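Visitor: Encoded as structure tokens, here's the structure I'll be asking about.
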Amino acid sequence: MSLNLGSGSASTVAAREEVSQSANSWLSLLSSKIEELQNISAASDAAAIHEARRKLDCELEGLIQTVRAVRMRRNTLSPVHRLPPEILAMIFSFLADEYPPRRFVSYGLSKLGWITVTHVCHHWRQVALDNPSLWGRDVCSHTNCSLVEERLARSKQSLLSIGSFYSADAVEWMPLMRTVFEEMHRIQDLSLTGEQEYLTNLLIEHFSKPAPFLHTLRVTTSWGYIQTPLAPVVSLPTNLFSGNAPRLRELVLVNCTTPWQPWIFTNLVHLEVTIAEYASRRGLPTPEHLLSLLDVMTYLKFLKLVNVLPAEDGASLEESSMDHIITLPSTLHTFHLAGEARPNSWFMQRLVIPPLAHVYIELTSPDPDVETCHLSLPSLARHIATYAEPLKSISVDGRGSFFLILKAWTFVLADKEFRDQDAIFPALVESSPPPDQDPIVTIVFRWQSQKSNIDVLSQTLQTLPVDEVQALFVKDSPHETQFTVAAWTNTLGRLRAVRSVSVHDNGAWDFFKALILPEPSQSGLLDPKLLFPDLRHITMRHVNFRAYVYDAQVSVADGMQGVLMQRLPENYGLELLEIHRSRIEMEDIKKLEELVPFVEWDGESSVFPSETDTDDEVADLHDVFGHDLFYDDFDDGWNEGVFFEDHDEYDGMEEMFFF
Amino acid sequence: MPTIVSVDDSTVPGEGSSRLLLLVSSDNKHIVVEEDIMSRSRFISKQVEGFEATSQRHAILLPFSSFVLNKVIEYCSHYRGYYLLEDDPDAAPPGRSPVREWDQEFLDVDRNMLLRIIKAAHYLEIKSLVGSCARAIADMIRGKTTEEMREILGVENDFTPEEEHSPSSKCTG
């Protein structure tokens, strides 16, 4: 607060006079209070000086208290002060929920960022202290034991959310967790990550206590350890919470098993169990038992099972006499199944998935036998047949020799919408339904020896209902072409209704060749007609024309022009050609504009990111460069592979906590 | 509690399916609004229930300006007929208000206006609007230093130097 006394206007002159009068009044008062000291000087005796100093210190302290009182009184006139305390607490709560303001700060510090509000003024601090729930969230975002104890004390008896990552120092971590678990009776949200040895001790010691308010439980055994072949995973105790966790709704277990007792699962809305590929399968349920548990989960919204089915049972399961079909509840919005192809395909055959659920299947073939990848496809085709709409868009990611990713939508997706939600492995970990633009079906095939993903794709497209697909997105390897002319004509050419093709990376050249050089199908399934007869729209992205597409002797324009000139006389109606972030020049574009009614070009002649790119655009370039690029908006520009950075603004957060 | 004054039927037109309410702002502006629009306000709903009990019609006097009241009516009009979980008295309170794009634009106003709207929303018991305003204020100060927060919201530092800077482990809760 300061008065502007700088100009010479009448009002400021008056204000200056007012300040002067006020100062004189206080000085006069002060003079009277310290009048008795007027004869004391530096030459006086030590005792007198000491006494004078003491007296003056008292006056100073009194003045500070007076200034504070005036400021407090002034704050009562502030509009924000008139907000009811519960609203102020709600504002703080939003801050506590949604820190940090930026992405690239370390987790622990950022979680305490909201504490700055308690240093604004007395009123704000008191409002924060009067709201125990503020202190009960993310109690363990630090491993500072005294800080955690203080948080627990300030949270009084409100419900707690505990998110704890094992720190390298077990001497600190274990006592901290023991302190926290003394409060098991009021923990609402518990997320625990640690090494197997320490987790096991904690779980045995504390997880038999009743947890009457527990809503969400997440237990993760550190991945670094669990990569060891047949490493044992952590097990929750058989007397879990003494059978008393009636509010448990979300259960997330990563490299951790649980007693597979119905009472734990009956009320769940979110179940996620992920086991490392090579970890021990001890403690996992039989597929039949898992099916019986799913049968009682009538509220389920999210289901994710990764490597939960024992691989060794794959062959024997096919002999299983179990023919009971389980219908998953209509509330389910996400179904995610991953693991070895054989047992998981058996499992899928015994499930009816609701039509509106987003399905994510990730299957691994441990042997070179390509057929195991496809065991699940008939079940999947039956499920897709229940959709109200047929599949209208498909994306194929064939960039690797060891996997193939296929996504499908029941509506026609534009290229931009595709890029907005495109990721190799979507983060299907939220409880909330996937966004509308997310694929309704995602299939990931993995195999452990190199093989042609085009063969796998071909078999997939033969099995699934793809006759009405209108939009096709293809990602090819930036280093070598998977999508040869034969692949385009014989495999993707099956999609006869396609009107829009988006080619990323280096499938472009063979795509163009295939447009004019159709090869008769060796399988005899396709007529030797032009590829995609209804094609209206081509998009090319990240295509390094100079390096990969054309011979050095042939210009980009001449190469594409040649194709288009041959294609267009057939008048198959190509209307729009879009070129983004590709290595192409203006002169090439001008030539193309003579051939196609509309050419859209972003003006970029390089596939490298620029400073004006958004985060999404740079993420899109991730695969072109083969490593992550992050923009540090503090000062550094684009960085490679740096994810978390500490920044000065969070220094001292711990000190700010104690007041 | 608001002051309620009896009004003549002729003051408040409308006897059809969508009844009209007369709201009177602190600057004595009379604003007629359809009851449906304001049904999102628990406060107004309770008032209307009271009217029905007495078979009398009233104007509702509100302790904020017509400028603020019109903003609130604009909000309620936009969400007329929409179900918002936060405003459902029978629903369990949501963990936190969701981000609504329209709200963000609607609340792109200066600090004082935002504070007036949130107070009005609180008075009228429109929880969804209170939540959106609270989020907007939080957005305003998120990531700011204490000094910047004081500047933004016009608050004085009323701590003594000791209170402000000296760490202590005293639990005041």
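The values are calculated or read from the model by the stated rules, or taken from the named source; none is laboratory data. Owing to the predicted nature of the structure, the values given are computational and were not obtained by experimental measurement. Here the Cβ is made from the backbone with ideal geometry for all residues, glycine too, and neighbour counts use every protein chain on show.
Visitor: Being among the β-branched types (V, I, T) and at pLDDT 90 or above is true for just one of A:T364, A:T410. Which residue is that?
Guide: A:T410
Visitor: Scan region B:36-58 and tell me whether some residue there is modelled with pLDDT of 80 or more, within 16 Å of the chain's Cα centre (by Cα), exposed (fewer than 14 other Cβ atoms within 10 Å of the Cβ) and outside any loop (DSSP other than H, G, I, E, B).
Guide: yes
Visitor: Restricted to region B:99-112, and to residues that are more than 9 Å from chain A (Cβ to nearest Cβ) and either small (G, A, S) or assigned to a helix (DSSP H, G or I) (or both), which residue is surrounded by the most Cβ atoms within 10 Å (Cβ to Cβ)?
Guide: That would be B:D103.
Visitor: Considering region A:71-90 alone, what residues qualify as being within 15 Å of B:A138 (Cα to Cα), of a type in the set (A, V, I, L, M) and touching a residue at least 12 places away in the same chain (Cβ under 8 Å)?
Guide: A:L88, A:A89
A quick yes/no check of all residues on (1) in contact with a Pro (Cβ under 8 Å, 6 or more places away or on another chain); (2) at pLDDT 90 or above; (3) aliphatic (A, V, I, L, M); (4) closer than 19 Å to A:A96 by Cβ:
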| position | (1), (2), (3), (4) |
| --- | --- |
| A:H122 | no, no, no, no |
| A:R137 | no, no, no, yes |
| A:S141 | no, no, no, yes |
| A:L159 | no, yes, yes, yes |
| A:S164 | no, no, no, yes |
| A:S208 | yes, yes, no, no |
| A:S222 | no, no, no, no |
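Visitor: Out of A:S32, A:S44, which single residue is more than 44 Å from the chain's Cα centre (by Cα), without any contact (Cβ under 8 Å) to a residue 40 or more places away in the chain and in a loop (DSSP other than H, G, I, E, B)?
Guide: Answer to the check: A:S44.
For (1) over 25 Å from A:P390 (Cβ atoms); (2) under 30 Å from the mean Cα position of the chain (by Cα); (3) modelled with pLDDT of 85 or more, each residue gets a yes or a no:
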site: A:S452; (1), (2), (3): yes, no, no
site: A:T460; (1), (2), (3): no, yes, yes
site: A:L464; (1), (2), (3): no, yes, yes
site: A:W488; (1), (2), (3): no, no, yes
site: A:S500; (1), (2), (3): no, yes, yes
site: A:D527; (1), (2), (3): no, no, no
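Visitor: Still on this model: Filter region A:581-602 down to residues that are part of a loop (DSSP other than H, G, I, E, B), of a type in the set (A, V, I, L, M) and over 17 Å from A:N544 (Cα atoms) and give me whichever is modelled with the lowest pLDDT.
Guide: A:L595
Visitor: Let me ask something additional. Consider only pairs whose beta carbons are under 9 Å apart and that are at least six residues apart or on different chains; among these, list those whose first residue lies in region B:136-161 and is under 16 Å from A:R73 (Cβ atoms) and within 7 Å of chain A (Cβ to nearest Cβ) and whose second residue is assigned to a loop (DSSP other than H, G, I, E, B) and among the small types (G, A, S).
Guide: Hits for this filter: B:G154/A:S78; B:V155/A:S78; B:E156/A:S78.
Visitor: Can you tell me which residue in region A:116-133 is nearest to A:R68 (Cα to Cα), limited to those that are within 10 Å of chain B (Cβ to nearest Cβ) and of a type in the set (A, V, I, L, M)?
Guide: If we take residues in region A:116-133 being within 10 Å of chain B (Cβ to nearest Cβ) and of a type in the set (A, V, I, L, M), then A:V120 is nearest to A:R68 (Cα to Cα).
Visitor: Let me confirm something: among B:L129, B:L69, B:L115, which residue is at the interface with chain A (Cβ under 10 Å from one of its Cβ atoms) and surrounded by 21 or more Cβ atoms within 10 Å (Cβ to Cβ)?
Guide: Just one listed residue meets the conditions, B:L115.
Visitor: Could you tell me which of the residues A:F335, A:F347 is out of contact with any Asp or Glu (no Cβ under 8 Å at 6 or more places or on another chain), assigned to a strand (DSSP E or B) and at negative phi?
Guide: A:F335
Visitor: On to the next question. Given (1) more than 10 Å from chain A (Cβ to nearest Cβ); (2) assigned to a helix (DSSP H, G or I), identify the lone condition not met by B:Y83.
Guide: (2)
Visitor: Moving on to the next point. Residues that are under 23 Å from A:L294 (Cα atoms): list the strands (runs of 3 or more DSSP E) wholly contained in region A:146-259 that include at least 2 such residues.
Guide: Where strands (runs of 3 or more DSSP E) fall fully within region A:146-259 and carry at least 2 residues being under 23 Å from A:L294 (Cα atoms), they are A:216-221, A:250-254.
Visitor: When the residues of region B:134-170 are narrowed to those that are exposed (fewer than 13 other Cβ atoms within 10 Å of the Cβ) and assigned to a loop (DSSP other than H, G, I, E, B), which ends up modelled with the highest pLDDT?
Guide: Top of the filtered list is B:S166.
Visitor: Do you know which of the residues in region A:137-160 that are farther than 23 Å from B:T146 by Cβ, within 25 Å of the chain's Cα centre (by Cα) and free of Cβ contacts under 8 Å to residues at least 40 places away in the same chain is farthest from the other protein chains (Cβ to nearest Cβ)?
Guide: Out of the qualifying residues, it is A:T143.
Visitor: Continuing with the same structure: Of the residues A:M565, A:M540, A:M560, which is assigned to a helix (DSSP H, G or I) and either at pLDDT 80 or above or surrounded by 17 or more Cβ atoms within 10 Å (Cβ to Cβ) (or both)?
Guide: From the options A:M565, A:M540, A:M560, the qualifying one is A:M560.
Visitor: So which residues in region B:98-126 are farther than 20 Å from B:I152 by Cα and of a type in the set (V, I, T), if there are any at all?
Guide: B:V99, B:I126
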